[in-house]
Amino acid sequence: MDVDRRLDTMAIKGETAGGLAVTARAEESSASAGGLARIGDIPPRLIEGIVSAIDGAGTGFVGLVSFDRGELVAVGFRCGVLDGIIDFVGRSGIDETDVAAFLGDLGDRAPGGVVARSPALAGLILGGCMLINQLLDRSESRAGDDLACWIDRTLGADFLPRPFLASASEADPSAIPHSDLVERVREILDACPDWLDRSPLTAQIAAEILLRERSLPDPTRDLGAYRYLFEHAIQKRLELDRRSLLWMSLVWSANDLPRRADAARMLAWQLSDPQHIVPSHPYIIELCTRSLAAAQLELM
């Protein structure tokens, strides 16, 4: 299923709910309500959630599966760390096989195939993206009304937008040795190889270095070019990188990669501090080097 298609291009109702597991859940919900509440008054129960890695444009996927009103509901969201919820598609009245296929499709689209399976994390990330939507004043659109319907059916009518905050880095970001910082930067960018600057300026500078030096970019030899790229392109995108690092710190924590998660939190903290936003910061140097090298490769 194509999770990039708009919700209004699909039927809201899917197949009728089937399978013994679904029937059992409906009876369980009625029993837990003491037989007094109508099924529509029982809040949805979130039973599955996945969060994908972030791509080089700062976008990723969030998937939610809930049991609501006697049926399974699955919703996939395409989200951006700067743009909030960009697109979404939902299905209701489905069975467990459809849920597995739905989540598998989201996982297949994840950058590098990396996903974290965690209902709590999925809700946390989605709350942060909803907050971005509010700040961008998208709440009054027709799509916003459709979005609210699917949020109600998966997370409940009382779910509120909230910032997603990563815990503090275990290491003191200001005291970490330079060599260790370089190693951590490379580990993160190795894990996220499409985190590159693809601006026209990067392509232009990459071509100039290739013509002049006939070699890969070098931060020492090409110091002036790196500084110019930083001042006119890289500096403008660091908020994207900072938020992407926070998102990925949560994904890596959920996937039991504490060292990488801690490095991402530390770098996100440094990129929020003006004293670290300089051309000589290891993250900026490595980002420039990899972006220029990739642009050169496209020219060959």
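Side notes on the structure shown:
- Within segment 232-258, if we keep just the residues that are in contact (Cβ under 8 Å) with a residue 12 or more places away in the chain and among the charged types (D, E, K, R), the residue that is nearest to ALA116 (Cα to Cα) turns out to be ARG243.
The rows are residues; the columns are (1) surrounded by fewer than 22 Cβ atoms within 10 Å (Cβ to Cβ); (2) under 17 Å from VAL182 (Cβ atoms); (3) in the same structural domain as GLY123 (by TED's automatic domain parsing).
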site: LEU211; (1), (2), (3): yes, no, no
site: PRO219; (1), (2), (3): yes, yes, no
site: ARG227; (1), (2), (3): yes, no, no
site: LEU240; (1), (2), (3): yes, no, no
site: LEU245; (1), (2), (3): no, yes, no
site: LEU250; (1), (2), (3): no, no, no
site: GLN275; (1), (2), (3): yes, no, no
site: PRO279; (1), (2), (3): yes, yes, no
site: LEU287; (1), (2), (3): no, yes, no
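- Test result for LEU82, surrounded by 19 or more Cβ atoms within 10 Å (Cβ to Cβ) and not basic (Lys, Arg): no
- Conditions (1) over 21 Å from GLY156 (Cα atoms); (2) at pLDDT below 90; number of the one not met by LEU82: (2)
- Residue in segment 157-166 that is over 19 Å from ARG78 (Cα atoms) and of a type outside the set (A, V, I, L, M, F, W, C) present: yes
- Screening VAL99 against (1) farther than 17 Å from ILE50 by Cβ; (2) in contact (Cβ under 8 Å) with a residue 24 or more places away in the chain; (3) in a helix (DSSP H, G or I) leaves a single unmet condition, (1).
- The criterion of at least 3 residues that are in contact with a Lys or Arg (Cβ under 9 Å, 6 or more places away or on another chain), within 24 Å of GLY128 (Cβ to Cβ) and among the hydrophobic types (A, V, I, L, M, F, W, C) is met by the following helices (runs of 4 or more DSSP H) wholly inside segment 197-300: 238-254, 258-270.
- Every condition in (1) touching a Leu at 6+ places or on another chain (Cβ under 6 Å); (2) within 20 Å of ASP194 (Cβ to Cβ) holds for CYS79 except the one numbered (1).
The values are calculated or read from the model by the stated rules, or taken from the named source; none is laboratory data. What you see is a predicted model, and the numbers here were worked out from it, not measured in a lab. Don't worry about glycine lacking a Cβ; one is built from the backbone with ideal geometry, like all the others, and counts go over all protein chains shown.
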